[in-house]
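I have placed the structure first, in the form of structure tokens, so that the comments after it can refer back to it.
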Amino acid sequence: MAERTSPSISSRKQPKQTRATELVAAILEAAVQVLASEGAQRFTTTRVAEKAGVSVGSLYQYFPNKAALLFRLQSDEWRQTGGLLRSILENTRKPPLERLRSLVHAFIRSECEEAAVRVALNDAAPLYRDTPEAREARASGERTAQIFMQEALPAAPDAIRALAGELIMMTLSAVGKDFSGSPRTPAEIETYADAMADMFCAYLGSLGHRA
């Protein structure tokens, strides 16, 4: 039997009419603002409803509790990040190392622009880190990275490609999270992303020469 997301973190229903879609969009926008300003610990459906200018009952029509609302925000973030990853790494019109450089810059900028929300979502991660959606998001990112590494290191053994892809993605995620923990200027972001991209490109270049 296929696994399903626990009802406690699933949306109660999907909006079908324009008015309902606009209501959900307003709730989600308010949720992002509350999460960024209050953090996961002080995040409540009451605060979100007040921010959105709707009743708690209206919110509960679509999100039964705060876990469901946080899960929706996280799911949207997974889709956005996954879309960013695929759009850059799957663009075969550009050489692999150019794509990698573009990815590093886009990812670091995104981490810094949405740092407050990402930190808060990370605090709430125990609510949904083991859901089927979370596993699929991770698997999708891994598949995209594997395909890219095959293009970047076509002559390298599978084990080397797998290790290189894992190191790059884990380092990008961890360093991006740490770097975005403090306010950064556009110049700082550009300089840092350039240095990280140089490091990754040099690493893949060295592996390519060995192969």
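The values are calculated or read from the model by the stated rules, or taken from the named source; none is laboratory data. What you see is a predicted model; the values in this text were computed from it and never measured. Note that each Cβ is placed from the backbone with ideal geometry, even for glycine, and that neighbours are counted across all protein chains shown. These area figures cover heavy atoms from the full protein model, side chains too; ligands, DNA and RNA do not enter into them. Shrake-Rupley method; radii C 1.70, N 1.55, O 1.52, S 1.80 Å.
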Per the rule of 0.36 nm per residue minus the C-alpha distance, extending residue 37 to residue 194 adds in nm 53.5 nm
Placing one equal point scatterer on each C-alpha of segment 31-102 and summing with Debye, one gets log10 I(q)/I(0) at q = 0.15, 0.25 Å⁻¹ equal to -0.60, -1.07
Of the accessible area of the chain, computed with a 1.4 Å probe and all protein chains kept, carbon and sulfur make up a percent value of 54
Sorted list, accessible surface of protein heavy atoms, 1.4 Å probe, largest first, for 131, 21, 191 is 191, 21, 131
Within the chain, pairs of Lys residues whose Cα atoms are less than 30 angstrom apart, provided they are eight or more positions apart or on distinct chains, add up to 8
Residue span residue 113 to residue 25: 0.36 nm per residue of separation minus Cα-Cα distance leaves a gain in nm of 29.7 nm
Measuring from its Cα centre, the chain shows a charge dipole (+1 at each Lys and Arg Cβ, -1 at each Asp and Glu Cβ) which, in debye to the nearest 20, is 640
In nm, the gap between the two label points placed 7 Å beyond Cα toward Cβ at residue 129 and residue 146 is 2.4
Taking Cα atoms only, helix 158-179 is inclined relative to the longest principal axis of the chain by an angle, in degrees rounded to 10, of 50
Kirkwood Rh for segment 61-152 from C-alpha pairs, in Å, is 14.5
Residue span residue 171 to residue 136: 0.36 nm per residue of separation minus Cα-Cα distance leaves a gain in nm of 10.5 nm
Percent of all Cα-Cα pairs per 10 Å bin for segment 136-211, counting from 0 up to the last occupied bin, reads 17, 43, 30, 10, 0
Here the chain gives, from Cα atoms, an Rg and Dmax in Å of 19.6, 63
Of all trypsin sites (Lys or Arg not before Pro) in segment 73-166, the ones in DSSP coil with at most 11 other Cβ atoms within 10 Å are 93
Taking every other residue with Cβ under 14 Å from the Cβ of residue 141 and scoring Lys and Arg +1, Asp and Glu -1, one gets -1
For the residue 84, residue 160 Cβ pair and Förster radius 41 Å, calculated FRET efficiency rounded to 0.05 is 0.95
